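The values are calculated or read from the model by the stated rules, or taken from the named source; none is laboratory data. What you see is a predicted model; the values in this text were computed from it and never measured. When we count neighbours, we look across all protein chains shown, and the Cβ atoms used for this are built from the backbone with ideal geometry, even at glycine. Areas reflect the complete protein model, heavy atoms only, side chains present, ligands, DNA and RNA absent. Shrake-Rupley method; radii C 1.70, N 1.55, O 1.52, S 1.80 Å.
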Amino acid sequence: MQYIKMHSELTKVVNDSIRGSIALHMHTLAEQYAEPYQATLHGWFVVCEHDADLLEPFTGLSFSLSEKLQLGEVEFVDKKQDWYEVYILLNDNEGILIYVPTAILERHKILQI
């Protein structure tokens with residue numbers, strides 16, 4: 001599981017399409033709020049890489065993606081061509097946008113779309 005909280009961390013993301021999507025979200029947030037992107041203000045990104053990433057609690061948090069999906073405690077799920085984007089709101093303005101490859105999420109049948 002990769003945590004992306006700064007623009008410089010984008011180099012860790014192997015998938016070009018996901019890296020581009022995160023970069024676009026960071027840029028959009030910076031424009032929308034007229035200030036540089038900051039994870040603690042605008043939210044941050046997680047890229048799931050392995051099946052186990054669905055079950056592991058997020059670093060510093062007490063829940064996993066699997067738990068939130070099963071309880072229906074997500075703001076939205078958007079299916080892209082090769083991945084799902086799942087958004088979880090943490091507080092009034094901070095959230096996590098999670099990228100999950102289609103094969104991983106569908107293998108676990110957690111999400112019924």
Report task. Could you please find all residues in region 70-86 being touching a residue at least 40 places away in the same chain (Cβ under 8 Å) and touching a strand residue (DSSP E or B) at 6+ places or on another chain (Cβ under 7 Å)? Result -> Asp82, Trp83, Glu85
Query raised in the report: Right, Leu89: farther than 25 Å from Arg107 by Cβ, open to solvent by 70 Å² or more (accessible area, probe 1.4 Å) and modelled with pLDDT of 95 or more or not?
Result: no
Report summary line: Contact list, first residue from region 9-27 and without any contact (Cβ under 8 Å) to a residue 60 or more places away in the chain, second anywhere and assigned to a helix (DSSP H, G or I) and of a type in the set (Lys, Arg), beta-carbon distance below 7 Å, six or more apart or interchain, is Leu10/Arg19; Val13/Arg19
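Conditions (1) more than 12 Å from the chain's Cα centre (by Cα); (2) over 18 Å from His25 (Cα atoms), marked per residue:
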position	(1), (2)
Asp53	no, yes
Phe58	no, yes
Gln81	yes, no
Ile88	no, no
Requested in this report: Provide a single number: the residues in region 19-41 that are modelled with pLDDT of 95 or more, hydrophobic (A, V, I, L, M, F, W, C) and surrounded by 13 or more Cβ atoms within 10 Å (Cβ to Cβ).
Outcome: 3
Report task. For Gly95, indicate whether it is small (Gly, Ala, Ser), in contact with a strand residue (DSSP E or B) (Cβ under 9 Å, 6 or more places away or on another chain) and without any contact (Cβ under 8 Å) to a residue 60 or more places away in the chain. Result -> yes
